[in-house]
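**Student:** Would you mind keeping the following structure in view while I ask a few things?
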Amino acid sequence: MMSPFTVAIDGPAAAGKGTISKAVAAHFDLAHLDTGLLYRAVGARMLSGEDPIVAAQTLVAGDLENPDLRTAEVAQSASKVAVIPEVRAALLDFQRAFARRSGGAVLDGRDIGTVICPQAEVKLFVTASPEVRAQRRLSELKERGFDTDLDTVLADVKARDDRDMNRADAPLRPAEDAVVLDTSELGIDEAVAIAVKAISAVRD
Ligand code: DC
């Protein structure tokens with residue numbers, strides 16, 4: 001059995017974490033968990049009228065299949081439920097168990113390197129300027145058929161940054177030993193190559 005090997009990838013919304021996480025998971029044959037989906041699933045259930053703490057405590061795999069999880073409305077709701085300590089506590093064990101599964105795992109989120117897996121073998125903090133992130137998110141939303149504009153998306157990105165960085169419990173910040181990867185001026189391939197190199201330095 002292979003020993004656990006955890007890659008923690010944190011950073012603000014739309015910095016490229018998801019793309020980089022999927023690519024490095026495929027490259028190193030590691031399982032991948034997008035932890036934002038857990039908060040989005042709780043946020044979606046809150047929008048349907050449920051208490052967010054109860055929703056987090058009773059989350060089931062099917063909640064992650066909800067096709068609305070990627071909407072801007074659910075993203076804002078996710079960032080709101082994410083400030084509630086009891087919500088974060090309810091999601092902790094699942095994330096930790098996933099991180100230490102045999103064969104290794106990549107987890108991406110906001111607090112993976114700082115709170116969920118401070119012992120992760122590799123920590124990356126993927127970031128980019130708010131303007132670049134808003135532009136990328138706008139293109140992604142338009143591709144998926146949502147009708148929106150740059151000002152709206154930029155305001156959403158900044159509101160979410162503010163909430164994610166300034167909450168008392170597990171705020172978004174780089175772990176002291178994280179490799180910071182600013183993707184503002186990088187293409188996807190370049191960003192993935194840097195991430196692969198950082199992981200190879202530890203894995204190989
Ligand atoms: O990564 P994402 O955009 O899908 O995350 C949605 C929200 O969930 C984000 O604004 C904050 C919250 N989140 C969190 O607090 N901790 C995580 N590990 C992942 C996401």
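**Student:** Might you let me know whether region 32-51 holds any residue that is without any contact (Cβ under 8 Å) to a residue 12 or more places away in the chain, aliphatic (A, V, I, L, M), more than 13 Å from the ligand (Cβ to nearest atom) and assigned to a helix (DSSP H, G or I)? Show your work before the answer.
**Tutor:** Here is the first cut: in region 32-51, the ones without any contact (Cβ under 8 Å) to a residue 12 or more places away in the chain are 48-51.
Subset that is aliphatic (A, V, I, L, M): none.
No, because not a single residue in region 32-51 is without any contact (Cβ under 8 Å) to a residue 12 or more places away in the chain, aliphatic (A, V, I, L, M), more than 13 Å from the ligand (Cβ to nearest atom) and assigned to a helix (DSSP H, G or I).
**Student:** What residue, of Lys17, Lys22, is surrounded by fewer than 16 Cβ atoms within 10 Å (Cβ to Cβ) and within 14 Å of the ligand (Cβ to nearest atom)? Break it down into steps so the answer makes sense when it comes.
**Tutor:** Values: Lys17 fails: surrounded by fewer than 16 Cβ atoms within 10 Å (Cβ to Cβ).
Of the residues listed, the single one that is surrounded by fewer than 16 Cβ atoms within 10 Å (Cβ to Cβ) and within 14 Å of the ligand (Cβ to nearest atom) is Lys22.
**Student:** Sticking with this one: Going by the structure shown, is Arg163 within 12 Å of the ligand (Cβ to nearest atom), farther than 18 Å from Lys17 by Cα, among the charged types (D, E, K, R) and assigned to a helix (DSSP H, G or I)? Show your work before the answer.
**Tutor:** On the way: within 12 Å of the ligand (Cβ to nearest atom): yes; farther than 18 Å from Lys17 by Cα: yes; among the charged types (D, E, K, R): yes; assigned to a helix (DSSP H, G or I): yes.
The answer is yes for Arg163.
**Student:** Restricting attention to region 72-91, and to residues there that are touching a residue at least 60 places away in the same chain (Cβ under 8 Å) and among the small types (Gly, Ala, Ser), which single residue is farthest from the ligand (Cβ to nearest atom)?
**Tutor:** Only one residue tops the list, namely Ala72.
**Student:** Return the pair list, or none, for Cβ contacts closer than 6 Å from residues in region 1-26 that are at pLDDT below 95 to residues that are near the ligand (Cβ under 10 Å from one of its atoms) and assigned to a helix (DSSP H, G or I), at least 6 apart or on different chains.
**Tutor:** Note: pairs meeting the criteria are Ala13/Val157; Ala13/Arg160; Ala14/Arg137.
**Student:** Can you confirm whether region 185-203 contains a residue that is surrounded by 14 or more Cβ atoms within 10 Å (Cβ to Cβ), over 14 Å from the mean Cα position of the chain (by Cα), within 16 Å of the ligand (Cβ to nearest atom) and among the aliphatic types (A, V, I, L, M)?
**Tutor:** No.
**Student:** State all residues of region 81-91 that are in a helix (DSSP H, G or I), crowded, with 17+ Cβ neighbours inside 10 Å and over 15 Å from the mean Cα position of the chain (by Cα); if no residue qualifies, say none. Let's see the steps before the verdict.
**Tutor:** First, the residues of region 81-91 that are in a helix (DSSP H, G or I): 81, 85-91.
Subset that is crowded, with 17+ Cβ neighbours inside 10 Å: 81, 87-88, 90-91.
Of everything in region 81-91, those that are in a helix (DSSP H, G or I), crowded, with 17+ Cβ neighbours inside 10 Å and over 15 Å from the mean Cα position of the chain (by Cα) turn out to be Val87, Ala90.
**Student:** List, please: which pairs have Cβ atoms under 6 Å, are six or more places apart or on different chains, and start with a residue in region 104-123 that is touching a residue at least 12 places away in the same chain (Cβ under 8 Å) and end with one that is of a type in the set (S, T, N, Q) and near the ligand (Cβ under 7 Å from one of its atoms)?
**Tutor:** Close Cβ pairs satisfying both conditions: Leu107/Thr35; Gly109/Thr35.
**Student:** Residue check, Ser129 against (1) under 26 Å from Ala191 (Cα atoms); (2) within 14 Å of the ligand (Cβ to nearest atom), all met but one. Which one?
**Tutor:** Tallying (1) under 26 Å from Ala191 (Cα atoms); (2) within 14 Å of the ligand (Cβ to nearest atom), Ser129 fails exactly one: (2).
**Student:** Would you check which residues across region 42-63 are closer than 30 Å to Pro4 by Cβ and exposed (fewer than 14 other Cβ atoms within 10 Å of the Cβ) and list them?
**Tutor:** Thr58, Val60, Ala61, Gly62
**Student:** Continuing with this model, one more query. Considering only region 92-124, how many residues are within 15 Å of the ligand (Cβ to nearest atom) and assigned to a strand (DSSP E or B)?
**Tutor:** Total meeting the criteria: 7.
The values are calculated or read from the model by the stated rules, or taken from the named source; none is laboratory data. Being a predicted model, the structure only gives us computed values, none of them experimental. Reconstructed Cβ throughout: ideal geometry from the backbone, glycine too, with neighbour counts over all protein chains shown.
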